[in-house]
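Reading through the structure tokens given below for one structure.
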Amino acid sequence: MKIITIENKFYVIDIDADTGKILQVIDKTADYCLISDQKMAENFRILLPLPDYECNYICGVIQKSTAIRKSGNNVQFYWKSPLSNEKGDFDIDFSLNISLNAEEIIFNCACHNNTKFPVAEVWFAFIGGMNGIGRKQETKKETEIVIPTGNLLWTRKIFKDFGNTRGQTLGCLSPEHTFSYPGSLCMPWISLFNRNINRSVYFAALEKTPRVKIIRLSLEPGSGEMRPHGNWPRPDETGNLPSGIVMNWVCVPYTRKGENFESPDVVLRSHDGLWQESGKVYRKWFDKHFKVIKPGSTWIRRETSFYHQMFMLPEDNINYTFKDIPKLAEICTKYDVRHFMIAGWQIGGHDRGYPYY
């Protein structure tokens, strides 16, 4: 196997020259390797649904790269059409870029679709074969995860107990967690951290355009449920099978024939501190690209309240109609409420029939 290595003062990254799979990520500051099992390395996957086979995944690991360009601490892999799987050959060009920029490892990819089917999903920025953060096996298992979901944090010691995945999977049979942004994620980043060594890994998909992105975590080769001390598979169960967590980002562009897809930048960064420091890393990026609205600059920030009324419920219950607006507005005025928001006004009522208005 031929290896391409990129290195700076913070990281050493080994990449399979034939496939573009990341085989090793060494955090030089903390002196450990993030990847424990290289057999779980991947590069990309593409979902190209066919009329008779929706789950038509094209796996990048079985494609032969047609060109590699290395410049400094940047490596770009190219796969020229066709990309193939058991369903045939598909006219798609793909490229994957991996680079080092000071404390950040940056991934991005692009594809050109010349098939008559839309490219539904693009998986990339794979870090496969993780068993925790740190050098010692007993402390690596103490690694925790924080995912910012809504007004809560999804957190657990994921390398001991992967948790109940609720049956949500993206094209695989292994236990899998997926969180989308916009959606269940309120910010597009996660943090893996180990209190024992005061070290964290920040993993984020960053772009100013609010396209849908999904963070995916899978446990290979499977889990053992209903156990008192976590559901990770035991060594006596896995044998020689690869074992660990794979994480990557998924985009859902639905790129049509003749169109190009360009991914957001995915950033992986190791740093001192716990998940709070990962949050500060994201905040620094956010403040650079978005302005925080000043209090009082918009009408809604100057109001103490507004009235929100559901017209029609999804069960077809009609509370009010448009003819009732003047009467409702009069009541609002009586209590000095100056803004009136209606919901459930579309066909089918609230939370039904989207996006058919």
### Query
Would you say Ile293 is β-branched (Val, Ile, Thr) and in a loop (DSSP other than H, G, I, E, B)?
yes
### Query
For Ile62, all conditions in the list (1) farther than 29 Å from Gln137 by Cα; (2) open to solvent by 20 Å² or more (accessible area, probe 1.4 Å); (3) under 21 Å from the mean Cα position of the chain (by Cα); (4) of a type in the set (A, V, I, L, M) hold save one; what is the number of the exception?
(3)
### Query
Any chance region 205-222 includes a residue that's open to solvent by 30 Å² or more (accessible area, probe 1.4 Å), touching a Ser or Thr at 6+ places or on another chain (Cβ under 8 Å) and not charged (D, E, K, R)?
yes
### Message
Among the residues of region 100-114, are any within 23 Å of the chain's Cα centre (by Cα), closer than 28 Å to Trp285 by Cα and outside any strand (DSSP E or B)?
### Response
yes
### Task
Give region 115-154 a look and list any residue that's in a strand (DSSP E or B) and acidic (Asp, Glu), or say none.
Glu121, Glu144
### Task
Could you check, for region 237-253, whether at least one of its residues is open to solvent by less than 30 Å² (accessible area, probe 1.4 Å), more than 29 Å from Ala30 (Cβ to Cβ) and touching a residue at least 60 places away in the same chain (Cβ under 8 Å)?
yes
### Query
Taking region 31-79 on its own, how many of its residues are more than 27 Å from Val201 (Cβ to Cβ) and in a helix (DSSP H, G or I)?
1
### Message
Where the second residue is open to solvent by 100 Å² or more (accessible area, probe 1.4 Å) and at pLDDT below 80 and the first is closer than 15 Å to His177 by Cβ and lies in region 223-236, which pairs have Cβ atoms under 6 Å and are six or more apart or on separate chains?
### Response
Asn231/Glu225
### Query
Only one of (1) crowded, with 19+ Cβ neighbours inside 10 Å; (2) modelled with pLDDT under 95; (3) over 25 Å from the mean Cα position of the chain (by Cα) fails for Lys21. Which number is that?
(3)
### Residues of region 265-324 that turn out to be over 22 Å from the mean Cα position of the chain (by Cα) and closer than 30 Å to Ile98 by Cα, as a count
3
### Message
Tell me the residue from Asn231, Asn260, Asn196 that is open to solvent by 40 Å² or more (accessible area, probe 1.4 Å), over 30 Å from Tyr78 (Cα atoms) and either modelled with pLDDT of 85 or more or outside any strand (DSSP E or B) (or both), please.
### Response
Asn196
### Query
Do we have Val337 as open to solvent by 90 Å² or more (accessible area, probe 1.4 Å), out of contact with any helix residue (DSSP H, G or I) (no Cβ under 7 Å at 6 or more places or on another chain) and assigned to a loop (DSSP other than H, G, I, E, B) here?
no
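The values are calculated or read from the model by the stated rules, or taken from the named source; none is laboratory data. Only a predicted model underlies this, so the values are computations on that prediction, with no experimental measurement involved. Here the Cβ is made from the backbone with ideal geometry for all residues, glycine too, and neighbour counts use every protein chain on show. For the accessible areas, the whole protein counts, side chains as well, though only heavy atoms, and no ligand, DNA or RNA atoms are used. Shrake-Rupley method; radii C 1.70, N 1.55, O 1.52, S 1.80 Å.
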